[in-house]
Amino acid sequence: MRKYVQGNAYKAIILISLCLILVIPLVSTIRTPAYQRFIAHRIGPFDTLITFMGYAESEEAFEYYSNIVFGRLEELHRYYDIFNAYSGINNLYTVNANAGVAPVAVSRDIIDLLLAAHSAYELTDGMVNVALGPVLRIWHNYRTHSIANPYATLPPIEALMAAAELTDMRHVVVDRDAGTVFLEIPGMSLDVGSIAKGFAAGLAVEAAAEAGMENMLLNAGGHIVAVGAPPERDAWTTGVANPFQAEQAGVSEPTFGDAISVSGVSVSTSSNDFRSFTVDGQSFGHIIDPTTLYPAERFVQVVVVHEESWLADVLSTALFILPLEKGYVMARQTGAHGIWIDAEGMYTVSGQF
């Protein structure tokens, strides 16, 4: 385990929050003439900015691949949406609405997501629990009502503890053969924010690869999936920003500190800066520790690299919640590489970082 302190001129990598990660491909000056680099952006799927870039023979070919990626993300967004119903499909909103009533027939994409969620629960010792919906809904309501409200308050622990009684993953029954999901207890609800974007990003890139695209990078609101590499290079290079450096310089835009090279992996970031709110001058993040039912506050940011897109997403949340020593062991056991950054600007690195 290695630790570094902010200000070290030799290594000052401090990564900015999930929503502000910027991807900068370093393109070789020597390009294969048959392939060109193209970039497409879209706002909508998973309520975030999606950037897709890659190398293709023509603009028409890239448009074909990008339509596959964005189309798949739109489809999965509708399936995994817990806030809205859609005509003609049963999604997670439908599953939550039928808690304690009856099993719901759902798509294979939902079945696979929730089977992965069960695995995530086991792998993270319960730190990532998609059945935490009743607790997260309380926090969502208080966070929403706190916007521009000088009298914002925190939810009472009694309400959180009552909601926690409805978060047992054993009552999330996924029947692969029947193609159904059943929340056995009335009042239960799913919230898949800790896994859905990573799971969907992996499936979208997989669809483009099956269609024939070999070198591409998807940035789904800061969750990065890298496949192949630009011509004449071994990997994609992603720029990382230093929020402490930007603050010291008195600027609001991210300041770049360093870069990492990635290929055949996903990069996921969990941060306190994303969707935070303030009560009595203290900032509270959106990542809830299931053991305390309050926001995790050990770190400012955690970054995880893993070969599996959904697992990178899951582990960035788990490692943000867990004490450093336990998170470090979990990263090693799951084959992940991680960076932990605390409020003092000190960071710890593991694996190939």
Has the range 299-314 got any residue that is outside any loop (DSSP other than H, G, I, E, B), among the acidic types (Asp, Glu) and in contact with a Ser or Thr (Cβ under 7 Å, 6 or more places away or on another chain)? yes
With the checklist (1) more than 28 Å from residue 57 (Cβ to Cβ); (2) outside any loop (DSSP other than H, G, I, E, B); (3) polar (S, T, N, Q) in hand, flag the one item residue 219 doesn't pass. (1)
If I ask for residues that are farther than 18 Å from residue 203 by Cα and among the hydroxyl-bearing types (Ser, Thr, Tyr), which ones from the range 34-64 would you list? 35, 55, 58
Tell me the residue from 104, 135, 130 that is under 30 Å from residue 329 (Cα atoms), over 17 Å from the mean Cα position of the chain (by Cα), buried (at least 19 other Cβ atoms within 10 Å of the Cβ) and outside the structural domain of residue 206 (by TED's automatic domain parsing), please. 135
Do we find that residue 206 is closer than 22 Å to residue 64 by Cα and part of a loop (DSSP other than H, G, I, E, B) in this structure? no
Filter the range 147-165 down to residues that are over 24 Å from the mean Cα position of the chain (by Cα) and either part of a loop (DSSP other than H, G, I, E, B) or farther than 13 Å from residue 293 by Cα (or both), then give me how many there are. 10
So for the range 64-82 (the condition being in a loop (DSSP other than H, G, I, E, B), at pLDDT 95 or above and surrounded by 15 or more Cβ atoms within 10 Å (Cβ to Cβ)), does at least one residue qualify? yes
Residue hits (the range 107-125; crowded, with 18+ Cβ neighbours inside 10 Å and outside any helix (DSSP H, G or I)) are 124
Spot the failing condition for residue 189; the list is (1) assigned to a helix (DSSP H, G or I); (2) hydroxyl-bearing (Ser, Thr, Tyr); (3) touching a residue at least 40 places away in the same chain (Cβ under 8 Å), and only one is missed. (1)
If I filter the range 265-297 down to residues being more than 17 Å from the chain's Cα centre (by Cα) and assigned to a loop (DSSP other than H, G, I, E, B), which single residue comes out as farthest from residue 138 (Cα to Cα)? 281
Which of (1) touching a residue at least 12 places away in the same chain (Cβ under 8 Å); (2) not assigned by TED's automatic domain parsing to the domain that holds residue 215; (3) not hydroxyl-bearing (Ser, Thr, Tyr) does residue 122 not meet, given it meets every other one? (1)
Pair list, Cβ under 9 Å, 6 or more apart: the range 154-180 residue among the polar types (S, T, N, Q), other residue buried (at least 16 other Cβ atoms within 10 Å of the Cβ) and outside any loop (DSSP other than H, G, I, E, B): 167/133; 167/134; 167/135; 180/104; 180/111; 180/174
Residues being farther than 17 Å from residue 219 by Cβ, in contact (Cβ under 8 Å) with a residue 12 or more places away in the chain and either in a helix (DSSP H, G or I) or not small (Gly, Ala, Ser) (or both) - total across the range 35-62: 4
Filtered residue count, the range 267-283, keeping only those that are buried (at least 20 other Cβ atoms within 10 Å of the Cβ) and not aliphatic (A, V, I, L, M): 6
Residue 48 passes all but one of the listed conditions (1) at pLDDT 95 or above; (2) farther than 27 Å from residue 168 by Cα; the exception is number (1)
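The values are calculated or read from the model by the stated rules, or taken from the named source; none is laboratory data. These numbers were taken from a predicted model, which means no experiment stands behind them. A quick note on method: Cβ atoms are made from the backbone with ideal geometry, for glycine too, and the neighbour counts reach across all protein chains shown.
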